[in-house]
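Following: one structure in structure tokens, then a few remarks.
Each value in this text was obtained by applying a stated rule to the coordinates, not by laboratory testing. Keep in mind that what you see is a predicted model, and the values were worked out from it rather than measured. Here the Cβ positions follow ideal geometry from the backbone for every residue, glycine too, while neighbour counts run over all protein chains shown.
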Amino acid sequence: MAREYAQIVVGLPIDRIFHYSIPEGMREEIDVGKRVMVPFAGQRLTGYVVGLSSQAPIARVKEIGAVLDPFPIFDSEILQLTRWMADYYACAWGEVLRVASPPRMKRVGRKREEKSIEKPPLLIPTPEQAEALKLIGKGLEKNNSTTFLLHGVTGSGKTEIYLQSIARVLEKGKQAIVLLPEISLTPQILLRFGSRFWGRIAPWHSRLSRRERFQEWMRMREGEADIVVGARSAIFAPFKNLGLIVIDEEHETSYKQTESPKYHAREVALERARLSGAAVILGTATPSLESYFQARRGKYELTELTTRVDGKIMPEVEIVDMRKELTVRGNRSIFSLRLQHSMRECLERKEQVILFLNRRGFSTFVLCQKCGQALRCKYCDVSFTYHSKTERLHCHYCNYQEEKPQVCPKCQSGQVGYFGVGTQKVESELRRLLPEARIGRMDSDTTTRKRSYSQILGSFQRHGIDILVGTQMIAKGLDFPRVTLVGVISADTALNLADFRASERTFQLLTQVAGRAGRGDVHGQVIIQTYNPEHYSIQTARLHDYPNFYGQEIKFRRELGYPPFSHLINVTLQSRDGNRLRKVAGKLGRILEANNREAIDILGPAPAPLARIKGKWRWQIILKGSRTGEMRELLKESLSQLKEPASGRVRISLDVDPMGML
Ligand code: ADP
Ligand code: ZN
Ligand code: ZN
């Protein structure tokens, strides 16, 4: 094989292959898939060898400095997968390889063997589980990368299905990847997998040290571990004969990486499954519109679990119409009389309460307190954002603007106001209302340190706290048997996000929140406060009716051509110089329009919902079309024509299939 030159990519946002010459003494050592040290623009950088050749396209090439790995860390499957990612997400191959790399380590000792734990008894599947397992089993026999959408409420036995499907895969000498949202990667869940497959599990999460990461990666590579249970980047596990990928809570937005490379682990999983012939199980209580759409059109196999294994019924959900609170009941508090009453009852019975507030929107929306109507863009059907400086309403998709109306356009009342309640305000009002209650608050302010997160939860678990107030981080996976009341302060903050997925987010959040009530032996109660009691997201969540929600939401998506009927690419421009930024954004917008030969919608440029971060102004342009390939081509061509001097730099970043608009 020709070993004079190596084709190398580096972990910078430059999607190009560079040629380096291989010194004589390094020719035995070098190989595709290994890391090397290379001189690059006056620096020494880590490079990834993606090919070897006998010639270089240019005469003067630099020399490789050192080979860093004793064996290739990427096989051809991972190289193909990462190349596909670089193409699809319009980023550099080297950036993808950087996130797919194990840490570098000299030599480290073997991992200590864990203490043997007692094996739990094998569970006999319920009839519903048996049916799902039969279907999945057939798919596993075929080795043709079938995707299963496993739709079942929390506690319906999905994890048990993952475990039994994995057991089948291992019997055939194959390996499995299990992806969980980072927040669900608790010691309890790892123990549940670990006790079933003792010694075969490699955990993969952010609490691992570099050394531990390296050790786990080596165990997978050497065949000591054949199941990885981990967060997003576990999708790059070095398995040679992958049989199954499980993605739990497949609808979770945290599967999308927010920094470059901005990949979605679910999409990457589907591609890896295609390359390796592995099956995929997508598990969730609230499928993403994208996945359910694929199941409905027969691309995925749908399998459903409709009841909880323990036979418990879903909690009762009550909706409080906040429009009537002031006008009919004369109550100005953020707590409805109904919620106040239930909280008091709950405390008297020595039970616990969770009060839930959606992450405060980045921006303020405007809502009529009489009829509940939030003001929305007539072109995009996305909530307007109110800018106090200009006193105008902005659409962050198409940049359409309006004056803030004096009266509600629907009911003509004068009660149009901004909206947004923070967790702090909820906490202080609560202290005034129920001075004897012990109150805890959990949001990103109080939980910046990892400790306080587990401290607050620990205290709540021991009943040192009666009422826990928090953002959606308390809606996930936690199990508190003494919680019998869950209150949602305002469903409207989720419903009115400046995002086309606002209704989907609302349905998911309310369903998840409702799942927190009545986990123990006592029946639970859920109270949702809203100015939009008739909204289908709220009504269908109340009845735990996903198909009905899907039916209504998919109509809206189809009418406005939003995903899954299209793909979006979000182009974000950032600069410290606001004026220049506006000009450059305008210019890019015009170039895009001029180059647009396909039927691609170009929305904006418009100020981003989060208009300024750390002194940098932000604008965005959204591309909407049916084929991402054409959209990327249009962008590539247009960006190369946008020649801007280096002064007052404007940084441009792309997000293909964005999950949230910041
Ligand atoms: P999910 O993943 O859908 O939330 P789990 O798989 O965690 O559901 O199941 C919920 C509970 O029911 C767990 O405690 C689990 O051990 C138990 N369980 C699941 N399947 C069975 C079964 N077939 N027989 C008895 N218990 C089961
Ligand atoms: Zn109104
Ligand atoms: Zn608009």
Report the relative contact order of the chain, percent, no decimals, based on alpha-carbon pairs under 8 angstrom and at least 6 residues apart.
-> 11 percent
Per-pair calculated FRET efficiency, R0 = 35 Å: Glu259 and Glu403 via Cβ, rounded to 0.05 = 0.40
Just going by the charge dipole of segment 127-310, with Lys and Arg at +1 and Asp and Glu at -1 on Cβ, which of Phe236, Val178, Gly199 is farthest out on the positive end?
-> Phe236
With segment 365-419 reduced to its Cα atoms and the Debye formula applied, log10 I(q)/I(0) at q = 0.19, 0.23 1/Å amounts to -0.57, -0.83
Whole-Å distance linking the alpha carbon centroid of segment 395-413 with that of segment 35-87 is 54 Å
Kirkwood Rh over alpha-carbon pairs of the chain plugged into Stokes-Einstein at 4 °C, 1.567 mPa s gives a D in µm²/s of 48 µm²/s
The FRET efficiency for Glu171 and Asn548, from their Cβ-Cβ distance with R0 = 35 Å and rounded to 0.05, is 0.30
About the Cα centre, charge dipole magnitude for segment 258-356 (Lys/Arg +1, Asp/Glu -1 at Cβ), debye | 200 debye
How about Lys106: which lysines have a C-alpha closer than 21 Å to its C-alpha, ignoring those fewer than 8 places off in the same chain?
-> Lys34
Listed with the fewest Cβ neighbours within 10 Å leading, Tyr397, Tyr88, Tyr20 appear as Tyr88, Tyr20, Tyr397
Would you work out the charge dipole size for segment 127-310 about its Cα centre, treating the Cβ of every Lys and Arg as +1 and the Cβ of every Asp and Glu as -1, and quote it to the nearest 20 debye?
-> 480 debye
The rounded separation in angstrom of the Cα centers of segment 201-277 and segment 126-194 is 15 Å
Peptides 183-191, 217-225: what's the order by average Cβ count within 10 Å, highest mean first?
-> 217-225, 183-191
To the nearest 20 debye, what is the magnitude of the charge dipole of segment 567-656 about its Cα centre, counting +1 on the Cβ of each Lys and Arg and -1 on the Cβ of each Asp and Glu?
-> 540 debye
The simple spin-label model distance between Ser452 and Leu639, using points 7 Å out along Cα→Cβ, in nm, is 3.9 nm
Fewest to most neighbouring Cβ within 10 Å: what's the order for His19, His396, His205?
-> His19, His205, His396
Please order Trp619, Trp93, Trp84 by the number of other Cβ within 10 Å, starting at the fewest.
-> Trp84, Trp93, Trp619
Computed from the beta carbon distance with a Förster radius of 25 Å, FRET efficiency for Glu559 and Arg627 to the nearest 0.05 stands at 0.75
Each label point is 7 Å from the Cα along the Cα-to-Cβ direction; what then is the distance between the points at Gln412 and Arg332, in nm?
-> 2.8 nm
Please name which of Thr364, Ser566, Val153 has its Cα lying farthest along the dipole of the chain towards the positive end, using unit charges on Cβ (Lys, Arg +1; Asp, Glu -1) and the Cα centre as origin.
-> Thr364
Once the in-chain neighbours fewer than 8 apart are removed, the lysines whose Cα is under 20 Å from Lys262 read Lys624, Lys636
Ordered by packing density, taken as the mean number of other Cβ atoms within 10 Å over each peptide's residues, highest first, how do 134-143, 568-577 rank?
-> 568-577, 134-143
